[in-house]
Amino acid sequence: RTKKYEPKMRKFLNDLDAKKPVIYCGDLNVACSEIELANPKSNYNKTSGYTQAEIDQFHKMKEECRLVDVFRHFYPDKKKCYTYWGYRGGARARNVGWRLERPLSRVR
């Protein structure tokens, strides 16, 4: 993911932006900071989606493609706003989750 997909996606987004405005959204499978998941310390560099390599590539994409996380733009400090919950242990009912889905928009 960090060696093939992310570099190709950055190129695709920049090429697309040359033609029309870009909004990139969906389940990007990365929690890019502690606020994005319920248990950051126990998952950091141990769980896919929250490794330093994935975090670095995500931030590189935001910077190179001049994208902003729209949710974090409007709610920079809002906690416990998750888009994914595991199926075990009643995670959704306890709101123990991750924010993986992101709306990213081009900064103009």
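The values are calculated or read from the model by the stated rules, or taken from the named source; none is laboratory data. Here the structure is a predicted model, which is why all the values come from computation and not from measurement. All Cβ positions, glycine included, derive from the backbone under ideal geometry; neighbour counts span all protein chains shown. Ligands, DNA and RNA are stripped out before the accessible areas are found, and what is left, the full protein with its side chains, is counted by its heavy atoms. Shrake-Rupley method; radii C 1.70, N 1.55, O 1.52, S 1.80 Å.
Structure notes:
- Evaluated at q = 0.13, 0.16, 0.29, 0.34 Å⁻¹: base-10 log I(q)/I(0), Debye formula over Cα of the stretch 5-50: -0.44, -0.59, -1.03, -1.21
- Between helix 52-64 and the chain: long-axis angle, C-alpha atoms, 0 to 90°, nearest 10: 40
- Over the stretch 67-108 - Rg/Rh using Cα atoms and the Kirkwood inverse-distance radius: 1.10
- Annotation for the stretch 2-108: chymotrypsin sites (Phe, Trp or Tyr not before Pro) lying in DSSP loop with at most 15 further Cβ atoms inside 10 Å of their Cβ are 44, 87.
- Cross-link table 8/41; 19/80; 19/78, entries beyond 32 Å C-alpha to C-alpha: 19/80; 19/78
- Share of carbon and sulfur in the accessible heavy-atom surface of the chain [1.4 Å probe, %]: 54
- Over the stretch 18-108, accessible surface divided per residue gives 65 Å², non-protein components excluded, 1.4 Å probe.
- Compactness index (Cα Rg / 2.2 N^0.38 Å), the chain: 1.11
- Other-chain or far-sequence residues with amide H under 5 Å of residue 97's (modelled H): 38
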